[in-house]
1. Tell me whether the range 70-83 contains one or more residues that are in a helix (DSSP H, G or I) and either farther than 27 Å from residue 241 by Cα or modelled with pLDDT under 95 (or both).
2. In this structure, does residue 192 turn out to be surrounded by 13 or more Cβ atoms within 10 Å (Cβ to Cβ), hydroxyl-bearing (Ser, Thr, Tyr), assigned by TED's automatic domain parsing to the domain that holds residue 47 and under 23 Å from the mean Cα position of the chain (by Cα)?
3. Regarding the range 181-193, can at least one residue be identified that is under 18 Å from residue 35 (Cβ atoms), modelled with pLDDT of 95 or more and aliphatic (A, V, I, L, M)?
4. Looking at the range 29-61 only, could you name the residues that are under 15 Å from the mean Cα position of the chain (by Cα) and in contact (Cβ under 8 Å) with a residue 60 or more places away in the chain?
5. Could you tell me which residue of the range 178-189 is surrounded by the fewest Cβ atoms within 10 Å (Cβ to Cβ), considering only residues that are in a helix (DSSP H, G or I) and in contact with a helix residue (DSSP H, G or I) (Cβ under 7 Å, 6 or more places away or on another chain)?
6. Go through the range 128-174 and give me each residue that's part of a helix (DSSP H, G or I) and under 20 Å from residue 20 (Cβ atoms).
Amino acid sequence: MAGDPDKPGPDALEGFPHPRERSQLFGHGEAEEQFARALASHKLHHAWLLLGKEGIGKATLAYRFAKLVLSRANQSAGDSRAAPPIFDPTSRDVQLITADAHPNLLVLRRSWNKKTKKYAAQISVDNVRELHRFLGNTAGMGKWRVVIVDRADDLNMNAANALLKMLEEPPAFCLFLLLSSEPGKLPATIRSRCHKLRLEGLERRELEAALKDIAAGSGTLLPEGEQLHTLLDLADGSVRSALSFATGRTLDDFREIEHILDLLPRVDPQKSIEIAERLAVRANDQNYHSFVHLLSSQLANRIRQIVLKGQGDKPALAQWTRLWETISIQKSETDLLNLDRGNFMLDLFARIEETAANYGGLKL
């Protein structure tokens with residue numbers, strides 16, 4: 001029930017196991033225990049909103065919740081103070097979820113268009129109508145059904161309104177798991193219907209362990225020594241970022257971005273054109289997303305360090321902060337409307353140069 005069998009999902013990283021296939025959870029143990037105890041106590045809220053930045057394990061945790069609910073392994077009524085229930089990884093339910101084939105699990109996400117070979121920009125109301133059909137059918141295995149919305153940030157207005165009606169009048173024994181990296185995009189009415197579970201980025205040792213475990217399972221060679229330490233620093237608690245950085249040209253991009261910021265208020269026009277042309281190529285999706293994420297992170301890091309050192313004046317820092325916020329907004333618009341990425345990058349470099357010329361650079 002979870003989607004096109006030929007496509008793992010719009011946010012999956014090619015070459016690495018999908019979150020539903022991962023056998024280990026790194027970090028978020030307290031969150032998993034909180035959920036398990038609520039289930040064991042028979043006081044499980046019908047909708048959970050998993051909040052946290054991209055790549056920290058929200059999807060992995062959601063699938064573990066689904067495995068726990070649908071397998072019902074080791075559960076007993078009564079004392080919620082007892083050890084929380086766990087799921088049996090060899091059970092039929094868990095194996096079906098791992099194979100993306102469980103009849104009582106539905107994953108709402110952006111659709112894959114086989115003709116255009118692209119994902120839809122948003123989760124549409126047609127996707128939510130699939131949820132109507134799912135809930136209207138008799139449960140195939142057991143009485144519980146689980147709906148994962150990955151990501152709820154992608155719901156368009158009509159889809160959000162349609163989902164809200166179901167959250168307001170939820171069917172019995174139906175669990176909704178909504179994943180969000182930008183909860184401000186969600187209507188307040190949806191947020192208010194959900195139990196919120198806020199997840200933090202992984203601690204350094206957890207991030208390194210997760211990266212090495214996933215890389216080993218996929219046969220990916222990781223950088224070593226100082227390069228690995230730099231990569232972990234740049235990932236900032238996100239496993240997805242760490243994996244993306246490890247397989248892309250991130251360390252080269254990092255040096256390139258640092259060089260650009262060090263040379264402000266001037267941006268080398270030839271270098272900006274070279275970068276824009278490279279990232280505009282659709283085959284470079286992963287590098288494009290990684291580069292923009294890295295540029296945004298490094299801008300934020302420099303602004304933060306300047307503030308901590310008590311340097312810079314407030315109007316200048318306010319302008320740089322406004323530019324940092326603009327990056328996320330303009331990138332979302334570029335991706336949503338399928339605009340030219342090269343033009344987006346050239347405009348971004350021009351804005352950086354203009355801000356530096358008017359308010360000073362961000363040299364540390």
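The values are calculated or read from the model by the stated rules, or taken from the named source; none is laboratory data. What you see is a predicted model, and the numbers here were worked out from it, not measured in a lab. Cβ coordinates were reconstructed from backbone atoms using ideal geometry, including for glycine residues, and neighbour counts include every protein chain displayed.
1. yes
2. no
3. No, because not a single residue in the range 181-193 is under 18 Å from residue 35 (Cβ atoms), modelled with pLDDT of 95 or more and aliphatic (A, V, I, L, M).
4. Within the range 29-61, 49, 50, 51, 52, 53, 54, 55, 56, 57, 58, 59, 61 meet the criteria.
5. Narrowing the range 178-189 to residues in a helix (DSSP H, G or I): 183-185, 188-189.
So of that shortlist, the ones also in contact with a helix residue (DSSP H, G or I) (Cβ under 7 Å, 6 or more places away or on another chain) come out as 183, 185, 189.
On the way: 183: 18, 185: 14, 189: 12.
Top of the filtered list is 189.
6. Quick first cut of the range 128-174, residues part of a helix (DSSP H, G or I) only: 128-136, 152-154, 157-168.
Matches in the range 128-174: 130, 131, 134, 152, 153, 154.
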